[in-house]
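Right, one structure below, let's go through it.
The values are calculated or read from the model by the stated rules, or taken from the named source; none is laboratory data. Predicted, not measured: the structure shown is a model, and the values here were computed from it. Cβ placement follows ideal geometry from the backbone for every residue including glycine, while neighbour counts extend to all protein chains displayed. These accessible areas exclude ligands, DNA and RNA; they are computed on the full protein's heavy atoms, side chains included. Shrake-Rupley method; radii C 1.70, N 1.55, O 1.52, S 1.80 Å.
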Amino acid sequence: MTLILTHSDIDALIDRTSVYRAVEQAHADLTSGAASNPAPPQLPIADGGTALPMVASSEPSGASVVKMLSDMPAKVGRGLPSQRSTILLMSAQTGECEAVLDGRLITAIRTAAASAVATAHLATQRSSILGLIGAGTLAVEHARAICRIRNIEKVLVWSRSASTVDSFRHRTADLDIQIEYAESPRSILASADIVCTLTPSREPIVEGAWFRPGLHLNAVGAPPRADHREIDGPGIGSSRLIVDSVPTALTKSGDVLLAIAEGHLQTQDVDVELGDVIVNPALGRQSDDDITLFNSVGIGLQDLVTARTLVDVATQQGVGASVRLNA
């Protein structure tokens, strides 16, 4: 039988702390060789869109996964989401499809969890001001995730839309943390200890010239395209760079690939993954003055372990619909 979990099912079941733990362990497993996550191919589709089949396998999870992500920026002008995704979880024991899950909420929460894991291992312990460049759902999830692992006293938020910031303030009211509207990305870099860039930007929205000693950044928002980036080349080149997956970053991270093309970074410098830092902290921050930057493109392994936690809980609680695909 194959379990079907809709967006509503996932919203009712998902536990962000469990996802954080699963994502942290998954990155450690990727370093140890207990999990595999090759770079996804990029398949052109209509209207300049791209389909990315994101695959991974995990021995501890007893599963493999395919998340089919459709990145279709032309749809935004038609009032449709620019990205849609569906996740297939496959049993490593039988080869059958264990579950089909809607990818929207899983993607947002596992992305924020990865940034929180990176922040836990890379940001200074004294970090107390969080800066968010972008104020949509990713920003909401990042605020929730990072406030759980650092003593955040204030959140600075910037968006081109004041109404989006107002919505962010309403959606995070339960955190009971001071939230301030920032007038520009530069003003956030002037004050925040931890900065997350969460915009679908094509041109750099953050400059390395604004970086301060001790800063930690999570570069998250740019879509998986080699010509999109949020951080300029000097910023990428001057930071202690950590990526979620070296093969993936060198295939679809515009932040990394454009910095290399401009000569601010060498390909061989892209050699430390988040899992490496989890296993060996000496590969991460080495002093309080280091500027650390986690370049998060997103990998299928994060989807796999999040789906695994959801399917296990859904099975225990009898949530979701089951169908026999081979009937």
- line: Taking the range 2-24 and the residues there that are touching a strand residue (DSSP E or B) at 6+ places or on another chain (Cβ under 9 Å) and not hydroxyl-bearing (S, T, Y), the one that is farthest from G318 (Cα to Cα) would be H7
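Checking the condition in contact with a Ser or Thr (Cβ under 9 Å, 6 or more places away or on another chain) and not aliphatic (A, V, I, L, M), which residue from G298, G233 passes?
Numbers: G233 fails: in contact with a Ser or Thr (Cβ under 9 Å, 6 or more places away or on another chain).
Being in contact with a Ser or Thr (Cβ under 9 Å, 6 or more places away or on another chain) and not aliphatic (A, V, I, L, M) holds for just one of G298, G233, which is G298.
Among the candidates R150, R169, single out the residue that is charged (D, E, K, R) and open to solvent by less than 40 Å² (accessible area, probe 1.4 Å). Break it down into steps so the answer makes sense when it comes.
Details: R169 fails: open to solvent by less than 40 Å² (accessible area, probe 1.4 Å).
Selected residue: R150, the only one of R150, R169 that is charged (D, E, K, R) and open to solvent by less than 40 Å² (accessible area, probe 1.4 Å).
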- prompt: Of all residues in the range 148-184 being in a loop (DSSP other than H, G, I, E, B) and basic (K, R), which is nearest to the chain's Cα centre (by Cα)?
  reply: R148
- line: The helices (runs of 4 or more DSSP H) lying entirely within the range 244-321 that contain at least 1 residues which are polar (S, T, N, Q), open to solvent by 50 Å² or more (accessible area, probe 1.4 Å) and without any contact (Cβ under 8 Å) to a residue 24 or more places away in the chain are 300-317
query: A112 passes all but one of (1) out of contact with any Phe, Trp or Tyr (no Cβ under 8 Å at 6 or more places or on another chain); (2) farther than 28 Å from V272 by Cβ; which number fails?
result: (2)
- prompt: How many residues, within the range 115-138, are of a type outside the set (S, T, Y), over 21 Å from E273 (Cβ atoms) and out of contact with any Phe, Trp or Tyr (no Cβ under 6 Å at 6 or more places or on another chain)?
  reply: 9
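Working carefully through the options A209, A222, find the one that is in a helix (DSSP H, G or I) and of a type in the set (A, V, I, L, M).
One residue alone meets the criteria, A209.
Looking only at the range 1-50, how many residues end up being small (G, A, S) and either in contact with a His (Cβ under 6 Å, 6 or more places away or on another chain) or under 24 Å from V243 (Cβ atoms) (or both)?
Going through the range 1-50, the residues small (G, A, S) turn out to be 8, 12, 18, 22, 26, 28, 32-36, 39, 46, 48-49.
Cutting the leftovers down to either in contact with a His (Cβ under 6 Å, 6 or more places away or on another chain) or under 24 Å from V243 (Cβ atoms) (or both) gives us 22, 26, 28, 32-36, 39.
So the count comes out to 9.
Conditions (1) farther than 20 Å from A114 by Cβ; (2) of a type in the set (G, A, S), marked per residue:
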| position | (1), (2) |
| --- | --- |
| D9 | yes, no |
| A28 | no, yes |
| A35 | no, yes |
| A46 | yes, yes |
| V55 | no, no |
| Q83 | no, no |
| A92 | yes, yes |
